[in-house]
Amino acid sequence: MGVEPSRAQLLDWRLALAHTLREQATDSWLDSARRTREDGLKSVNYLSMEFLPGRLLEDAAINLRLRDSVSASFDDLGVNFADVVAGEPDPALGNGGLGRLAACYLESMATLACPAHGYGLRYERGLFRQHFEDGRQVERPDEWLTSGDPFSLSRPATAYAVPFGGEVSDDDGGTAWRPETRLVAAAHDTPVIGYGGGWVNTLRLWSALPAADLLDLDRFSAGDFFGAAETETWARTLSRVLYPTDTTDLGRRLRLSQEHFLTSASVQDVLHRFLETQQDLRRLPEHAAIQMNDTHPALAGPELIRLLVDEHGVGFDTAADLAVQVLGYTNHTLLPEALEMWPVDLMRHLLPRHLQIIERLDQRVHAVHGSAADDVHLIEHGQVKMGELAVVTSHRVNGVSALHTDLVRRNLFPHLEALTPGRILNVTNGITPRRWLALANPALADLVTETIGPGWETDLDRLRELEPHAEDPNFLEAFGRTKHLAKHRLATWLDEEHGIELPVEALLDVQVKRLHEYKRQLLNILWTVSRWQRIKADPGADWVPRVKIFGGKAAPSYTAVKDIIRLINDVGAVINSDPETRERLRIIYPPNYNVTMAEKLIPAADLSEQISTAGMEASGTGNMKFALNGALTIGTLDGANVEIREEVGAENFFLFGLTADEVLARREQPGHARAAIEQSQPLQDVLQAIAEGTFSPEEPARYSGLVDHLWNSDWFLVASDFDAYNSSQELVDMSYRDPLRWQRMAVTNVARMGSFSSDRAVRHYMREIWNVPPAQ
Ligand code: GPV
């Protein structure tokens, strides 16, 4: 780094470490690319608007099997490794589960030697940083690049022009598109190191640059410096910020431009790499699979067809067939507000050629399937429907948990399932055990290795071998110590970073995830109020001390959940300062939840809150991380909870609440919320306290809207599930009072989490969707 070691700051050491680790990965990185190229291996191209990789350096050290020697080297230098990595920014290039899933899958693909590129956008500003002011969420920009991005390589020579706007003319035979502007997509590559370091893939993120001619030199010379840069500014805006919305409605022109920008640059790159070694584009499906992470990159079909037809002279039908063979689409939600649709007028304005191709694809579906396709419309009510577009341009469509896939088939795309039975399949999500056990929970990871030997890192089913030890009191005690260690680690961090005290002897009850009405953080905080009231009413009873931890961000425009954030903080302020209950109930809500915070919270948790309204959480992946780290789950029959419960056994899972079918039926009953509240004295007491301003004395009516909504509408069935949730929480207390029993349940959870490894999920994609064998 050009610095005397004696004068080096932590930042210098971190940059040096980044370069050293990248260098250690380079031979493998080049070899993997060379093998793929020279042996003509088929490779996967994973297109995603979001990636949440977490801090890179310690993960790289672990996967290169260098963590211990790196740490020892720093010891020799008198530098603390933990301090070096603690300064690393956490790239927040995503909102939540979808982005984190993409990162787990890239890591598993590298570990399994599945040749792959991740493709995304290099947002200059990631997801906003969250602060609280008077309990309210305040958003600040995320400046993750201020000390550079030392683990990545910028590749200015790898750049593509991405066209926008203009006109199409349809002269017989060929179609000519004369775009209005072209922006340049420039590549930044991050190595994705497989466990063991034997295979290294690439995460390629595009940043937007103006083409050289975008600066208006005439205007500039005339002194209009700002006006001269207008087009240039628009160009840079494209990769400036990540949209901070998550499974909610997006209606912005900039977002569609971003989606096209990602898709076009990536598909051009896929074709470019293919044509480096091959001539015949009809063989593209033998060499490339493209996976669309939800519909955000669903322009990949039309874009691939456009490039094949307009630039490479392939006929339309051949091009469309090739696209279907290459593409796959993963659906991550059923929420109607998250199913992307773009106004036809906007599409015509920005992407006239793509609109034309989509219209032809629509005609083709009807030509091929006749009246069986009467219900299929890629364009309807002046909107282009990206979900149906993604389905008809893919050979495989998958949901992300068994329940979710079933609902995708039955409720979301029944007409398309009927046209091509078998196209829709399930691949239940997974998580990487390298980050979510080896890195996040070294004490438990060491105990596992001591007990069953190494190898579980890449063969998570081996955790089953822990099960006989669940009867051994010595093992259970050692297991309990790892939980304690994680709690102490969390306590130190909470104290140092946030000045928050954590009572480590209490039951740690954690709900961390994006704020969403369907995820029902509201149910959790209402129950917490109820517990507080009952402790106060019966202070002599034997209450299990609990710490309720919340973490998560709300989309800046999602006011309904911003109220819930404020309520949690308001309730916390009152409860935490109540001397009567302080020792038995506490609320902690550290701001700015991200991957790094998850790595600290999840290993320390005793109880994992997975309490979404049944039928609404596509899968969940936090649920898997908690169980792998020995937390027990309290949850509904939703998403992957269903499969987690099947694996760990009903007796090791705290189930409550309406089922997905019951949810639909209940919503049909007029006045269901009122009826549920009137039947539940505890819930009435809670709502009354909130409505009276117990938690907002300076503004008693602050939550009257929220309470009113619960009585009169309650789409998410908080009231209907309240009593069941309460009973289940009482069972939690009962189980926790018997530490050996609790430990045994927790160990059983860990032991049976093997199938939730992202290695299992990725193998499934490789076999059933991508048709890519491992390269090693
Ligand atoms: I669509 N998900 C997300 O994080 N962002 C999105 O824009 C969409 C879906 C989530 C789902 O809500 C989770 O249930 C799921 O576990 C996750 O995607 C990964 O599949």
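Only strands (runs of 3 or more DSSP E) wholly contained in region 566-657 count here; list those with 3 or more residues that are in the same structural domain as Asn726 (by TED's automatic domain parsing) and within 16 Å of the ligand (Cβ to nearest atom).
Answer list for region 566-657: 607-610.
Does Leu425 satisfy the condition of being of a type in the set (A, V, I, L, M), closer than 30 Å to Val400 by Cα and not in a helix (DSSP H, G or I)? Even if it seems obvious, please write down each step before you answer.
Details: of a type in the set (A, V, I, L, M): yes; closer than 30 Å to Val400 by Cα: yes; not in a helix (DSSP H, G or I): yes.
Judged against the criteria, Leu425 is a match.
What pairs come out if I take residues in region 68-95 that are within 30 Å of Leu250 (Cβ to Cβ) and pair them with residues that are outside any loop (DSSP other than H, G, I, E, B) and within 16 Å of the ligand (Cβ to nearest atom) whose C-beta lies under 6 Å away, six or more apart or interchain?
Asp90/Val595; Leu93/Phe51; Gly94/Phe51
Could we say that Asp714 is of a type outside the set (Val, Ile, Thr) and in a helix (DSSP H, G or I) here? Give the steps one after another, and end with the answer.
Working: of a type outside the set (Val, Ile, Thr): yes; in a helix (DSSP H, G or I): no.
Here the answer is no, as Asp714 does not meet what is asked.
Cβ-Cβ under 7 Å, sequence separation 6+ or interchain: first residue in region 100-114 and free of Cβ contacts under 8 Å to residues at least 12 places away in the same chain and in the same structural domain as Pro53 (by TED's automatic domain parsing), partner assigned to a helix (DSSP H, G or I) and within 15 Å of the ligand (Cβ to nearest atom). Which pairs?
Listed pairs, sorted by first residue: none to list.
Mind counting the residues in region 106-140 that are more than 20 Å from the chain's Cα centre (by Cα), under 22 Å from Tyr593 (Cβ atoms) and part of a loop (DSSP other than H, G, I, E, B)?
2
Hey, does region 361-380 have a residue that's outside any strand (DSSP E or B), touching a Gly at 6+ places or on another chain (Cβ under 9 Å), in contact (Cβ under 8 Å) with a residue 24 or more places away in the chain and of a type in the set (A, V, I, L, M, F, W, C)? Talk me through it step by step, then tell me what you get.
Going through region 361-380, the residues outside any strand (DSSP E or B) turn out to be 361-378.
If we keep only those that are touching a Gly at 6+ places or on another chain (Cβ under 9 Å) too, we end up with 361.
Cutting the leftovers down to in contact (Cβ under 8 Å) with a residue 24 or more places away in the chain gives us 361.
Subset that is of a type in the set (A, V, I, L, M, F, W, C): 361.
Yes, region 361-380 has at least one match.
For Asp321, only one of the following conditions fails: (1) closer than 30 Å to Ser401 by Cβ; (2) more than 16 Å from the ligand (Cβ to nearest atom); (3) of a type outside the set (Val, Ile, Thr); (4) free of Cβ contacts under 8 Å to residues at least 12 places away in the same chain. What is its number?
(1)
Can you tell me how many residues within region 267-324 are buried (at least 23 other Cβ atoms within 10 Å of the Cβ) and under 30 Å from Gly96 (Cα atoms)?
The number of residues fulfilling the criteria is 20.
With the checklist (1) part of a loop (DSSP other than H, G, I, E, B); (2) closer than 21 Å to Ala445 by Cβ in hand, flag the one item Pro91 doesn't pass.
Result: Pro91 passes all but (2).
Just the residues that are part of a loop (DSSP other than H, G, I, E, B) and in contact with a strand residue (DSSP E or B) (Cβ under 9 Å, 6 or more places away or on another chain), please, taken from region 538-565. Don't jump to the end; show me each part of the working.
So in region 538-565, the residues part of a loop (DSSP other than H, G, I, E, B) come out as 538-545, 552-558.
Within region 538-565, Trp543, Val544, Pro545, Gly552, Lys553, Ala554, Pro556 qualify.
Restricting to region 710-745, what's the tally of residues that are in contact with a helix residue (DSSP H, G or I) (Cβ under 8 Å, 6 or more places away or on another chain) and not aromatic (Phe, Trp, Tyr)?
In the first step, residues of region 710-745 are kept if they are in contact with a helix residue (DSSP H, G or I) (Cβ under 8 Å, 6 or more places away or on another chain); the result is 710-723, 725-726, 729, 735-736, 739-745.
Filter once more, keeping what is not aromatic (Phe, Trp, Tyr): 710, 712-714, 717-721, 723, 726, 729, 735, 739-741, 743-745.
So the count comes out to 19.
Tell me, please, whether a residue that is in a strand (DSSP E or B) and of a type in the set (A, V, I, L, M) can be found in region 41-59. Please lay out each step first, then the result.
Taking region 41-59 and keeping what is in a strand (DSSP E or B), we get 43-47, 51.
If we keep only those that are of a type in the set (A, V, I, L, M) too, we end up with 44, 47.
Yes.
The values are calculated or read from the model by the stated rules, or taken from the named source; none is laboratory data. Computed from a predicted model, the values in this text were never measured in an experiment. A quick note on method: Cβ atoms are made from the backbone with ideal geometry, for glycine too, and the neighbour counts reach across all protein chains shown.
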